[in-house]
Amino acid sequence: MKKVKLWDSPTRLFHWALVINIIVSWYTIENRLIELHEIAGHTLIALLIFRICWGFMGSTTSRFSHFITHPISAFAYLINSLKLKVHYTVGHNPAGGWMVVVMMFVLGFQLLSGLLSNDDLGFSGALSDYVSKDLSDTFTQLHGISFDILVGIVWLHIVAIFFYVLVKKDNLIKAMIAGYKNLAERPNEKLYFAPNLLAIFLIFLASALSFWLWR
């Protein structure tokens with residue numbers, strides 16, 4: 001077995017920061033901690049902007065072009081994977097890649113609806129003044145619905161991960177923590193890893209934009 005690097009540090013940090021902030025967003029809204037909920041939301045905005053940029057400029061396994069395949073191919077992979085007929089070792093598999101895309105779209109709508117929402121108790125999203133009160137109320141309702149959808153996607157993601165860990169004996173969690181995976185042979189493709197300085201620059205720009213929206 002050969003120890004092969006698959007995930008760069010920015011991608012792994014993004015992944016766990018996303019997990020933490022989704023949990024914080026849920027906890028703060030459940031306990032009516034609106035100000036902290038807003039901070040968590042704007043942190044998620046910065047993370048999402050960074051991940052979109054990293055999907056075009058980052059390392060090989062983090063790029064959209066590497067893991068977004070034709071939907072039919074992804075569906076075929078999913079069926080064969082459930083039958084334990086295929087194994088994918090480098091980056092996101094075709095089905096997992098589409099799950100990432102769907103999650104990002106739902107999260108994006110969740111964040112946009114939050115920016116346009118209000119709670120009728122003094123809080124209003126950063127962009128709510130640019131729409132009518134009725135439209136803001138509509139986005140407030142959609143904000144709650146989209147969060148339920150996001151939670152469903154997260155649970156589906158967790159189930160898929162444990163299916164890989166327990167059934168296919170492919171520890172995706174360990175790989176996303178350490179960045180490495182033990183493979184029988186090295187990948188045929190040469191993997192490129194973008195410099196961390198680029199990631200720092202992008203997260204700085206994303207954070208600045210999110211902060212500007214907040215203020």
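The values are calculated or read from the model by the stated rules, or taken from the named source; none is laboratory data. Predicted model only: the values in this text are computed from it and were never measured. So basically every Cβ, Gly included, is an ideal-geometry build from the backbone, and we count neighbours across all protein chains shown. Side chains are part of the model used for accessible areas, which takes the heavy atoms of the whole protein and leaves out ligands, DNA and RNA. Shrake-Rupley method; radii C 1.70, N 1.55, O 1.52, S 1.80 Å.
Taken together, the residues in region 64-84 that are farther than 16 Å from residue 160 by Cα and open to solvent by 70 Å² or more (accessible area, probe 1.4 Å) amount to 4.
Residue check: residue 171 meets all listed conditions (1) open to solvent by less than 30 Å² (accessible area, probe 1.4 Å); (2) in contact with a helix residue (DSSP H, G or I) (Cβ under 9 Å, 6 or more places away or on another chain) but one, namely (1).
Checking each residue of region 149-163 against the condition of being in contact with a Lys or Arg (Cβ under 9 Å, 6 or more places away or on another chain) and either touching a residue at least 40 places away in the same chain (Cβ under 8 Å) or closer than 18 Å to residue 214 by Cβ (or both) gives no match. Pairs linking a residue in region 53-78 that is over 15 Å from residue 202 (Cβ atoms) to a residue that is in a helix (DSSP H, G or I) and open to solvent by 70 Å² or more (accessible area, probe 1.4 Å), with Cβ atoms under 6 Å and 6 or more positions apart or on different chains, are 74/98. Does region 110-128 contain at least one residue that is at pLDDT below 95, of a type in the set (Asp, Glu) and touching a strand residue (DSSP E or B) at 6+ places or on another chain (Cβ under 8 Å)? Checked region 110-128: no residue is at pLDDT below 95, of a type in the set (Asp, Glu) and touching a strand residue (DSSP E or B) at 6+ places or on another chain (Cβ under 8 Å). Taken over region 49-62, the criterion of being of a type outside the set (Val, Ile, Thr) and touching a helix residue (DSSP H, G or I) at 6+ places or on another chain (Cβ under 6 Å) is satisfied by 50, 51, 53, 54, 55, 62.
The helices (runs of 4 or more DSSP H) located wholly in region 1-74 that include 3 or more residues which are of a type in the set (A, V, I, L, M, F, W, C) and within 28 Å of residue 124 (Cα to Cα) occupy 9-30, 34-57.
Annotation note: of 114, 96, 91, the sole residue that is open to solvent by less than 40 Å² (accessible area, probe 1.4 Å), in a loop (DSSP other than H, G, I, E, B) and either touching a residue at least 40 places away in the same chain (Cβ under 8 Å) or closer than 20 Å to residue 156 by Cα (or both) is 91.
For region 174-199, how many residues are aliphatic (A, V, I, L, M), open to solvent by 40 Å² or more (accessible area, probe 1.4 Å) and in a loop (DSSP other than H, G, I, E, B)? Steps first, please.
Step one: list which residues in region 174-199 are aliphatic (A, V, I, L, M), which gives 175-178, 183-184, 191, 194, 197-199.
Applying the additional criterion that residues be open to solvent by 40 Å² or more (accessible area, probe 1.4 Å) yields 177-178, 184, 197-198.
From the residues that got through so far, the ones that are in a loop (DSSP other than H, G, I, E, B) too are 184.
Total satisfying the criteria: 1.
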